[in-house]
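The values are calculated or read from the model by the stated rules, or taken from the named source; none is laboratory data. Remember, it's a predicted structure, so these values are computed and weren't measured experimentally. Cβ coordinates were reconstructed from backbone atoms using ideal geometry, including for glycine residues, and neighbour counts include every protein chain displayed.
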Amino acid sequence: MPNQHYYSKKPVTGHDRRELETELRGSKFRFISDAGVFSKSGVDYGSRVLIEALDIPSASHVLDVGCGYGPIGLSAAKMVKDGHVTMIDINSRAVELARENAKLNGIHNVTVLESDLFSAVEGKEFDVVLTNPPIRAGKETVHNIFEQAFKHLKDQGQLWVVIQKKQGSPSAKAKLESLFPQVEEVTKDKGYRIFKAVKYSS
């Protein structure tokens, strides 16, 4: 059933709440996850690689696209102590969990919004956009995220993306290069590629 996908607006899967304890970038986190959200049984490897690779200024205004229950956005919030992270997801269950997990970890410089792609942040600009895109939603959706990210970035703004080689990293990189003047592969690990795309070269 299509409603079972983690990128559905209202998951119909029965609840299966669980608490996860993990360490990300040297910080300990507790997360509540549930059925019907991405990577419910633990923080996925791609997200971990992205979190470890991030290098963002501490006063940045950050947008986490497809935040799930929150590991990337909440990790970023710890990095931008003088900034703010807006976390968006189409999945209402994921949004509720991300809000709960922000409180659980004592993280206050975040806003979590239910949003079909960028609809809830229309007209807003950010210093940094982060995404572990929903590959199973299809290439068109992933490329749309890149296009919208470009529009929502300030000058010199950065888009950070994690994508697996076997799930289309070459075409993702080509799409990024068609939009951004500067695209760099920051790191790769077990088939995961981290790309940083900068809106304007300095």
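Odds and ends about this structure:
- Residues of the stretch 145-175 that are more than 20 Å from Ser47 (Cα to Cα) and assigned to a helix (DSSP H, G or I): Glu147, Gln148, Phe150, Lys151, Ala174, Lys175.
- Test: residue in the stretch 93-104 that is under 13 Å from the mean Cα position of the chain (by Cα) and not in a helix (DSSP H, G or I): no
- Verdict on Lys78 being surrounded by 16 or more Cβ atoms within 10 Å (Cβ to Cβ), in a helix (DSSP H, G or I) and either at pLDDT below 95 or not aliphatic (A, V, I, L, M) (or both): yes
- Any chance Gly42 is touching a Cys at 6+ places or on another chain (Cβ under 6 Å) and either at pLDDT below 90 or crowded, with 22+ Cβ neighbours inside 10 Å (or both): no
- Search result, residues across the stretch 17-67 that are of a type in the set (Asp, Glu) and outside any loop (DSSP other than H, G, I, E, B): Glu19, Glu21, Glu23, Glu52, Asp64
- Residue that is surrounded by the most Cβ atoms within 10 Å (Cβ to Cβ), among those in the stretch 114-144 that are in a helix (DSSP H, G or I) and charged (D, E, K, R): Lys139
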